[in-house]
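What follows is a single structure, written as structure tokens, with notes after it.
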Amino acid sequence: MDAEKLGQQPAIDDAGDSDQVQQALMLQAEEDDSLSMGERAINRFYRLAWPTALSRFVADEKLPLRLLYLPQDTISGDNARGMAIRAGFFHFLGIKQKIDGFDHLGAKLPAGFQEYYHGFHWLRDFAATAPREQLRSDAEAMIAQWLDINGNKIAGPGWQPHIAAWRFLHWAAYAPLIIGGDDRRHRARVLHQLDRTARMLDQNADKAPFGTPRLATWVAIVTASLILPGGKARRIFGEAGLKRLLKTMLDDDGGVISRSPRGQFRTVALLGMLRSAYETADEPMPKPLYDALAAAVPALQGITHFDGSLASWQGAPALSSAEVDAVVKASNIVARPLQQAPNWGYQRIPAGGAVVLVDAGAPPLAKFSESGCASTLAFEFSSGDQRIITSCGGASCIGGAIPAKLSQGLRATAAHSTLCLDNLNSTAVLAKGTLGNGVTEVELERKELDNATRLEVGHDGYARNYGLLHRRILLLRSDGTEVRGEDLLVPTEDTRKSRRRKFEQVPFAIRFHLGKGVETYLTSNARGAMLRLADGRVWQLRSADAAVTIEDSLWVDGNGTPQTTKQIVLSGNTGPGGGRHGWVLKQME
């Protein structure tokens, strides 16, 4: 959604037409089996009192406005982005926006930048650049500037529930920076906005988009109950809503149902921030919330490369190992990376100093997709700190560097390291981040052999149009120096029922997108390609029967910036009977 449309959204009123929705949400909390009879009674009172004048009493408006506790943010910001802010610019998603004179409401900026600005994610970057005392006056001035334009009316992009929730969390975490000075009037304005934001979220939590945006709203509500006075009823309400959301948002493997690595990263970050709030308030984190965090961390680690950086699945940018390590450390969960996540749809095969990551699941349902990609059966491969085979990634980073048209292309099957038949997507890629018809079933078999791990996966994405199934066999040697693969196109059992169109020959392409810094050139017989890594190591990719070419590609880094790279393409034609095409990627001595 672009910034202009965001600005046209109706205002979220403090006591508007959301009363009936809010009562229904509180009723669900009341029926939560984990609540005691006393807690249910408190929650019922909170629900019944909300649309009346009693809501002011319930929320303890007459109590002094203050922060009882200061939750800690243990995740460091980006120093480069922070220094840009000190120089007078926001620099995010390839957009360089001058701060002085910035039209906070009228600027036509992408949704990601709006969240970065109005959600005050930039505070973390700003705080990373110098001691607090050196930054406080500038931080307070920027907060005051935001309040002057956005603080008088609950309307506009900054008051979308999930953005307001992020703002609450960041203001609370960085309170010593933004209200630690001697200006009492400024401190009162900020505290008033924190209280006002918490009240708005109480009424509008489930209006946020499903997934991590809605998770942010419920985390902010529970955090508010812990750090603002008189939060007992709010805490019961918030914890019930959060538990209800996590039951539907995470699968049995601990992964978000959008299958987005970026969504998983944010889930761990949010639950880690909430755990910090509980610890700061010297309160135990409820077991269902702790269990969700404990399951989400190894799932996140399961889609990281050998160096700990995040894989580029489902439109995610390649977040660095430092960022991933920071949120894992902040969670206080110690776990091994999840190797097999059949429900979530990812497989991780570590061997020696190498890791193979495989998208072994159907794409997310359209209603849960954040930037859904047709990437089934694609793989990524890293050795040491070098990403050798990857996906392009970054479709979710729509902004100055990635226009909407490019984002659409980054979601295609051809933007991933897998087989593409007739230049079509294995699952239809639709506008606005959703997906259409395509893969419905994925078969999976994994075996641990004496000197290797063997993975066989298959999908039916091309069955409807061509009567062919795509199966992929991957074999990673236990020392991590060789990956053997075979891509098979197999006729369905009854092609007459597949409604496929008649054809004699159609082209196929098996793509291997190379990581940043990998140089490549064809071998003399044009049946393979040599890969030279930045550290001097040399690998070779050989094909058994397909033609080998080298083409341009790109890879989106953790800042949402496209980097120029190359891809190796194995190509040929196949008929109704299908075929099998083998290849090997091997480190040269």
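For the set Lys405/Lys432; Lys432/Lys516; Lys153/Lys243; Lys98/Lys516; Lys96/Lys516, the pairs lying more than 21 angstrom apart at their alpha carbons are Lys432/Lys516; Lys153/Lys243; Lys98/Lys516; Lys96/Lys516. Take the Cα of Ala141, step 7 Å along the line toward its Cβ, and report every residue of the range 173-200 whose backbone nitrogen sits under 16 Å from that point. Within reach of a label on Ala141: 178-179, 181-183. Of the residues Gly572, Val457, Phe306, the one whose Cα sits farthest towards the positive end of the charge dipole of the chain is Gly572 (charges of +1 on Lys and Arg Cβ, -1 on Asp and Glu Cβ, taken about the Cα centre). A 1.4 Å probe run over the range 374-510, with the rest of the protein chains in place, finds 43 Å² accessible per residue. For P(r) over Cα pairs in 20 Å bins from 0, in percent, the value computed from the atomic coordinates appears in the list [x] 15, 28, 18, 13, 11, 10, 6, 1; [y] 15, 31, 27, 17, 9, 1; [z] 20, 49, 26, 5, 0 under label [z]. Charge dipole (Cα centre; +1 on Lys/Arg Cβ, -1 on Asp/Glu Cβ; no other charges) of the range 96-205 amounts to roughly 160 debye. For the range 158-206, the equivalent ellipsoid derived from the Cα gyration tensor has semi-axes of 22, 11, 7 Å, listed largest first. Each peptide in 74-86, 300-312 was scored by the mean count of other Cβ atoms within 10 Å over its residues; highest first, the order is 300-312, 74-86. Solvent-accessible surface of the range 196-253, taken per residue with a 1.4 Å probe and all protein chains present: 25 Å². For the range 432-438, the Karplus equation 6.51 cos²θ - 1.76 cosθ + 1.60, evaluated at θ = phi - 60°, returns couplings of 6, x, 9, 10, x, 6, x Hz by residue, with Gly and Pro reported as x. The relative contact order of the range 72-212 comes to 26 percent, based on Cα pairs under 8 Å that sit 6 or more residues apart. Put a plus charge on the Cβ of each Lys and Arg, a minus charge on the Cβ of each Asp and Glu, and nothing anywhere else: the dipole of the chain about its Cα centre is then about 680 debye. The portion of the accessible surface of the chain made up by carbon and sulfur, rounded to a whole percent, is 50 (1.4 Å probe; DNA, RNA and ligands excluded).
The values are calculated or read from the model by the stated rules, or taken from the named source; none is laboratory data. Predicted model only: the values in this text are computed from it and were never measured. Cβ: placed from backbone, ideal geometry, glycine included. Neighbour counts: every protein chain shown. Note: accessible area is taken over every heavy atom of the protein model, side chains too, but ligands, DNA and RNA are not part of it. Shrake-Rupley method; radii C 1.70, N 1.55, O 1.52, S 1.80 Å.
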